[in-house]
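The values are calculated or read from the model by the stated rules, or taken from the named source; none is laboratory data. Here the structure is a predicted model, which means the values were calculated and not measured. Virtual Cβ from ideal backbone geometry, glycine too; neighbours counted across all protein chains shown. Note: areas computed on protein heavy atoms with side chains; ligands, DNA, RNA excluded. Shrake-Rupley method; radii C 1.70, N 1.55, O 1.52, S 1.80 Å.
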Amino acid sequence: MKYILNSFLVILIFMFVSTSCGIGNKIFTPAPPKTTSTKIDSTTTISVINTGADNYENYLPLLKDKKVGIVTNQTGTISYFKENELLYKSIVDFLVEKKVSVQKIFAPEHGFRGTADAGEHIIDGKDTKTGLPIISLYGNNKKPKPEQLDGIDVMVFDLQDVGARFYTYISSLHYVMEACAENKIQLIVLDRPNPNGSIVDGPILEKEFTSFVGMHPIPTLHGMTIGEYAQMINGEKWLKDGIQCELIVIPCSNYNRETAYSIPVKPSPNLPNDQSINLYASLCLFEGTNVSVGRGTEKQFQIYGSPFLPKSDFSFTPIPNLGAKEPLYKNELCYGEDLTSIAKVSKLELKWLIKAYNSTSDKSKFFNPFFTKLAGTKKLQQQIESGFSEEEIRKYWEKGLGDFKKMRAKYLIY
């Protein structure tokens, strides 16, 4: 039996989104393609979520005879069937095979192959498989420089986001959009599902706490795909001086916001599975405290603990591993809680953070300055220190979340 990845022909229809692009261009978004399924045998048919990368009929014509840059990492893949097995290959390898004139790879935090520690300095290099130069978009070079974009006609962006404000791939998206706008380079975003679906929750980031782990006035969980988010950045004129880039989003097909989605490749070294991705936003707030989230174990972002929490039946000892060369509390016994088997969460959970603060041995040493950057506000720490309940804290978010959802609605594709 012959298997074809995309068994349908999608007609690329451009829908007008905005007329004010600052450089005389318009922002377009292709209409979402129809759904599809794949027949495995005479009795089994499975529905396949096609990512924007999988819908290559939409974007390969746009790359013909163009010099192309691509922002991607190990999550930038296309899927295909071989002997009834769903397999994946790098979007870079795919474009090279299709004779697309790829000039450079731009890699975000964790590097092109996604193996570097969080916050680790990544140097430029060369992809050993294709020979293409790799430019790091982390450290002191978060935004592509004009000379790095020289000779590029169009930029492709293909990264898997997880729906959290402090996951830095959306910050990289901001800087890439800004650089493309300034250098009059078209940007094509290959959309991917948000594994945390439609969850919109948490405090709205306040402008004075803007940083690389929070660049826009959005809640902790934004409930958008990365393509939708790109439209919001453009539409709300969040780029420098309100400029906008010429943006095309290649949508997913056979996907809606309630569709469960399991990322086939780890989006970063310390998000090894669906459970860690689902708990990431809730547990990442611990990174602004003296509590470990399991870096240096095999249960990253599924457990939490520290030497300063009460002894309990659950403990762990962090040791260096892939993605955590120097983990917090290396070789120290930590007590805490194992969340690997709990049911999937559908909101930003504060109960573990509050519980840990209330039971730590020295509350004055619990929070560190990074917590405010992650929270996007000073109020959350102040509320926890003042003994607010989770319900009381959540009520404080209501207006901001309501306003955000109204703004967000303008940019939703699915």
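Here are a few things to note about the model shown:
- Filter result for the condition that a residue is assigned to a loop (DSSP other than H, G, I, E, B), in contact (Cβ under 8 Å) with a residue 60 or more places away in the chain and out of contact with any Cys (no Cβ under 8 Å at 6 or more places or on another chain), over Pro267, Pro310, Pro272: Pro267
- Qualifying positions in the range 132-149 - part of a loop (DSSP other than H, G, I, E, B) and either closer than 20 Å to Val200 by Cα or open to solvent by less than 40 Å² (accessible area, probe 1.4 Å) (or both): Leu132, Leu137, Tyr138, Gly139, Asn141, Pro144
- Residues satisfying the stated conditions in the range 369-414, i.e. assigned to a helix (DSSP H, G or I) and basic (Lys, Arg): Lys373, Lys379, Arg394, Lys395, Lys399, Lys405, Lys406, Arg408
- Selection from the range 377-405 of residues that are touching a Ser or Thr at 6+ places or on another chain (Cβ under 8 Å) and open to solvent by 70 Å² or more (accessible area, probe 1.4 Å): Lys378
Table: residues versus (1) in contact (Cβ under 8 Å) with a residue 40 or more places away in the chain; (2) open to solvent by 10 Å² or more (accessible area, probe 1.4 Å); (3) among the acidic types (Asp, Glu).
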| position | (1), (2), (3) |
| --- | --- |
| Gly151 | yes, yes, no |
| Val156 | yes, no, no |
| Val162 | yes, no, no |
| Val176 | yes, no, no |
| Ala181 | yes, no, no |
| Asp191 | yes, no, yes |
| Ser198 | yes, yes, no |
| Gly202 | yes, no, no |
| Leu221 | yes, no, no |
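- Ser211 satisfies every condition listed in (1) in contact with a helix residue (DSSP H, G or I) (Cβ under 8 Å, 6 or more places away or on another chain); (2) surrounded by 20 or more Cβ atoms within 10 Å (Cβ to Cβ) except (2).
- Some residue of the range 112-126 being assigned to a strand (DSSP E or B) and either under 23 Å from the mean Cα position of the chain (by Cα) or at pLDDT 95 or above (or both): no
- Selection status of Lys64, modelled with pLDDT of 95 or more, at positive phi, out of contact with any helix residue (DSSP H, G or I) (no Cβ under 8 Å at 6 or more places or on another chain) and open to solvent by 20 Å² or more (accessible area, probe 1.4 Å): no
- Here is the figure for the range 373-400: residues that are in contact with a Phe, Trp or Tyr (Cβ under 6 Å, 6 or more places away or on another chain) and among the β-branched types (Val, Ile, Thr) total 1.
- The residue pairs whose first member lies in the range 386-398 and is within 19 Å of Lys363 (Cβ to Cβ), whose second member is among the charged types (D, E, K, R), and whose beta carbons are closer than 6 Å, counting only pairs six or more residues apart or on different chains, are Glu390/Lys351.
- Annotation: of all residues in the range 318-335 being at positive phi and without any contact (Cβ under 8 Å) to a residue 60 or more places away in the chain, the one that is most open to solvent (accessible area, probe 1.4 Å) is Asn331.
- Here Gln186 meets each of (1) in contact with a Cys (Cβ under 9 Å, 6 or more places away or on another chain); (2) open to solvent by less than 10 Å² (accessible area, probe 1.4 Å) with one exception, condition (2).
- Here Gly52 passes the criteria (1) modelled with pLDDT of 60 or more; (2) among the small types (Gly, Ala, Ser); (3) over 24 Å from the mean Cα position of the chain (by Cα) except the one numbered (3).
- Condition met for Arg408 (crowded, with 18+ Cβ neighbours inside 10 Å and among the basic types (Lys, Arg)): yes
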